[in-house]
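Chemist: So that we are looking at the same thing, I have put the structure below in structure tokens.
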Amino acid sequence: MCDPAAILSRMSAQPLCPDLGEPGELLALVPLHGLSRRETPFGTIVGGPGLDARRFTNLSTLSPDRMITPTAEVFLRTAAPQAATARQHDWIVALTASDGRTSRLSVGNLIRRARPMAAHLIECAGNNDPDNFGLMSVVDWHGVPLTEIVDELAGPDTTANTSAAVLVTGIDHDAQTSWRSIPGASWVLPRDAIRQRGAFLATGMNGAPLPLDHGGPVRLVVPGWYGCSWIKWVDAIRMVGPDEPSTSQMREFAARTHQRGVPDLARAYEPPEIDLAAAPIRVEKRRVAGRLEYRIVGIVWGGTRPAARLGIRFRAGDPPRVFPICPAPSTHHTWSLWEYRWRPPSTGVYDIVLTCPDPGVRTRRLDLSFYARRVIIDEI
Ligand SMILES: Nc1nc2c(c(=O)[nH]1)N[C@H]1C(S)=C(S)[C@@H](COP(=O)(O)O)O[C@H]1N2
Ligand SMILES: [Mo]
């Protein structure tokens with residue numbers, strides 16, 4: 001059913017796109033890393049083997065016709081452990097019901113049932129490198145809703161059903177010691193969160209089988225939650241009760257997912273949701289009608305509904321200037337582009353910070369200026 005009143009009220013809440021005028025001539029790109037000399041390497045795996053492997057996505061190249069990250073550029077947080085590489089054929093997911101009965105789910109079965117699951121953004125909760133914030137990508141997924149598997153295993157989700165939550169476990173680098181990561185990858189998901197979020201077991205990425213390094217042949221995707229919960233190389237799914245403890249992976253990521261302390265019980269763990277966030281990805285120095293102008297291009301992502309406008313400020317304490325996101329984002333499951341044209345009042349160092357002008361929207365990271373980018377303006 002189509003409710004005209006709802007559509008009309010949404011349209012009137014939508015700010016009009018201003019005419020931004022001539023794009024002018026692109027003179028240069030202003031680096032977003034301020035005075036630091038570090039340059040993030042893109043398109044290559046860095047950092048070491050296994051748990052320490054990283055590949056960063058170059059966000060600065062996003063454009064309206066290039067909003068899905070090509071598979072070779074999707075960020076990588078850990079490369080495949082030896083145990084997963086060795087087992088690629090005949091992959092089995094061990095299922096355990098709440099009464100302890102076990103069964104086996106083959107990946108062949110999952111692949112036959114897989115269907116398009118749309119594009120979703122993945123962001124690492126540790127995406128904190130001000131050089132780039134490249135632990136973030138958007139992927140077009142194929143997979144099978146996790147509710148299907150869980151309902152088969154545990155029966156329908158009713159209040160009388162004691163199978164309150166689901167423990168999803170993946171193969172990990174159990175033998176590797178890393179100074180950055182605690183080995184062991186599993187996450188406890190409440191059944192209602194699985195349903196509300198539309199969590200799924202992914203077997204395909206951007207139209208091809210899920211690559212080994214991204215968790216192939218099967219990984220968990222939880223739209224709207226941080227990547228730490230998107231367990232790769234899934235080999236076990238178990239129904240658990242309300243007193244299930246938090247897993248080591250959950251404990252490791254407690255601070256980065258904004259928990260209060262380190263919850264002992266999984267049910268005390270706040271959903272690791274990505275709040276509405278926004279960041280510049282590119283600052284273009286342009287000449288427009290004989291004058292210099294800086295065009296700031298950025299992305300907005302996360303939250304529970306698409307944002308229509310943002311605030312921007314350039315120095316701590318300045319009041320944010322509110323501007324519309326144009327065109328208005330149609331989804332909050334991926335990122336959307338925005339643009340702001342800026343004439344700095346003087347040369348100097350500026351920290352570009354985005355804010356959300358709409359009250360009642362939780363923005364824990366924006367509130368901390370988490371995604372601030374530093375630019376040096378040498379000419380106005
Ligand atoms: N088995 C396993 N799954 C895992 C991890 C891991 O170390 N082992 N890392 C998690 C983290 S912290 C993130 S951000 C994502 C990264 O997925 P990607 O490497 O495909 O980008 O996978 C998650 N799933
Ligand atoms: Mo992560």
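Chemist: Kindly establish whether V138 is in a strand (DSSP E or B) and either away from ligand 1 (no atom under 16 Å from the Cβ) or in contact (Cβ under 8 Å) with a residue 12 or more places away in the chain (or both).
Modeler: Yes; evaluated as a whole, the condition is true for this residue.
Chemist: Also, I was wondering about something else. Those residues that are surrounded by fewer than 19 Cβ atoms within 10 Å (Cβ to Cβ), at pLDDT below 90, away from ligand 2 (no atom under 16 Å from the Cβ) and not β-branched (V, I, T), I need them from the range 129-160; list them, please.
Modeler: Scanning the range 129-160 gives P130, D131, G155, P156, D157, A160.
Chemist: Looking at A97, A79, A72, which one is in contact (Cβ under 8 Å) with a residue 24 or more places away in the chain and under 22 Å from S229 (Cβ atoms)?
Modeler: That would be A79, the only listed residue that is in contact (Cβ under 8 Å) with a residue 24 or more places away in the chain and under 22 Å from S229 (Cβ atoms).
Chemist: May I pose another question? Going by the structure shown, is R66 open to solvent by 70 Å² or more (accessible area, probe 1.4 Å) and either modelled with pLDDT under 80 or among the aromatic types (F, W, Y) (or both)?
Modeler: no
Chemist: All but one of (1) in a loop (DSSP other than H, G, I, E, B); (2) away from ligand 1 (no atom under 16 Å from the Cβ) hold for N127; which doesn't?
Modeler: For N127, the exception is condition (2).
Chemist: Name the residues in the range 100-124 that are within 16 Å of ligand 1 (Cβ to nearest atom) and within 15 Å of L210 (Cα to Cα), would you?
Modeler: V107, M117, A119, H120, I122
Chemist: Still on this structure, I have one more. All but one of (1) surrounded by fewer than 17 Cβ atoms within 10 Å (Cβ to Cβ); (2) more than 17 Å from W225 (Cα to Cα) hold for V283, so report the exception by its number.
Modeler: Just one mismatch for V283, condition (1).
Chemist: A further question on this structure: Out of the residues in the range 113-128 that are within 12 Å of ligand 2 (Cβ to nearest atom) and not β-branched (V, I, T), state the one that is nearest to H258 (Cα to Cα).
Modeler: Ranking the candidates gives A125 first.
Chemist: Let me ask something additional. If a residue has to be within 16 Å of ligand 2 (Cβ to nearest atom) and under 18 Å from L95 (Cα atoms) to count, how many in the range 203-214 make the cut?
Modeler: Going through the range 203-214 one residue at a time, the tally reaches 0.
Chemist: Can I ask one more? Farther than 22 Å from T331 by Cα, open to solvent by 10 Å² or more (accessible area, probe 1.4 Å) and modelled with pLDDT under 95: is that true of R219 in this structure?
Modeler: Criteria not met by R219.
Chemist: Is there any pair with a first residue in the range 214-241 that is hydroxyl-bearing (S, T, Y) and a second that is in a strand (DSSP E or B) whose Cβ atoms are under 7 Å apart and which are 6 or more apart or on different chains, and what are they?
Modeler: Cβ pairs passing all conditions: Y226/E123; S229/W187.
Chemist: While we're on this one: Mind checking which pairs have a first residue in the range 103-129 that is more than 19 Å from R87 (Cβ to Cβ) and of a type in the set (K, R) and a second that is more than 16 Å from ligand 1 (Cβ to nearest atom) and assigned to a strand (DSSP E or B), Cβ under 8 Å, 6 or more apart or different chains?
Modeler: Pairs found: R113/V144; R115/V144.
Chemist: If you don't mind, there's one more thing I want to ask. With respect to Y294, determine if the residue is more than 28 Å from V150 (Cα to Cα) and touching a Pro at 6+ places or on another chain (Cβ under 7 Å).
Modeler: yes
Chemist: From the list A83, A79, A97, which residue is over 26 Å from the mean Cα position of the chain (by Cα) and within 13 Å of ligand 1 (Cβ to nearest atom)?
Modeler: A83 is the lone residue from the list that is over 26 Å from the mean Cα position of the chain (by Cα) and within 13 Å of ligand 1 (Cβ to nearest atom).
Chemist: Let me ask another. Do any residues in the range 39-55 that are open to solvent by 20 Å² or more (accessible area, probe 1.4 Å) and hydrophobic (A, V, I, L, M, F, W, C) have Cβ atoms under 6 Å from those of residues that are at pLDDT 85 or above and in a loop (DSSP other than H, G, I, E, B), where the two are at least six apart or on different chains, and which pairs are they?
Modeler: Filtered contacts from the range 39-55: F42/N58.
Chemist: Return the residue satisfying two criteria in turn: it lies in the range 252-272 and is outside any loop (DSSP other than H, G, I, E, B), closer than 18 Å to V166 by Cβ and in contact (Cβ under 8 Å) with a residue 60 or more places away in the chain, and of such residues it is least open to solvent (accessible area, probe 1.4 Å).
Modeler: That would be A266.
Chemist: Also, quick follow-up: Give the residue, chosen from S181, S163, that is within 15 Å of ligand 2 (Cβ to nearest atom), open to solvent by less than 20 Å² (accessible area, probe 1.4 Å) and modelled with pLDDT under 90.
Modeler: Sole residue among the options that is within 15 Å of ligand 2 (Cβ to nearest atom), open to solvent by less than 20 Å² (accessible area, probe 1.4 Å) and modelled with pLDDT under 90: S181.
The values are calculated or read from the model by the stated rules, or taken from the named source; none is laboratory data. Bear in mind that the values here come from a model prediction, so they are computed numbers and not experimental data. In this analysis, Cβ positions are derived from the backbone assuming ideal geometry, glycine residues included, and neighbour counts consider all displayed protein chains. All accessible areas refer to the heavy atoms of the entire protein, side chains included, with ligands and DNA or RNA removed. Shrake-Rupley method; radii C 1.70, N 1.55, O 1.52, S 1.80 Å.
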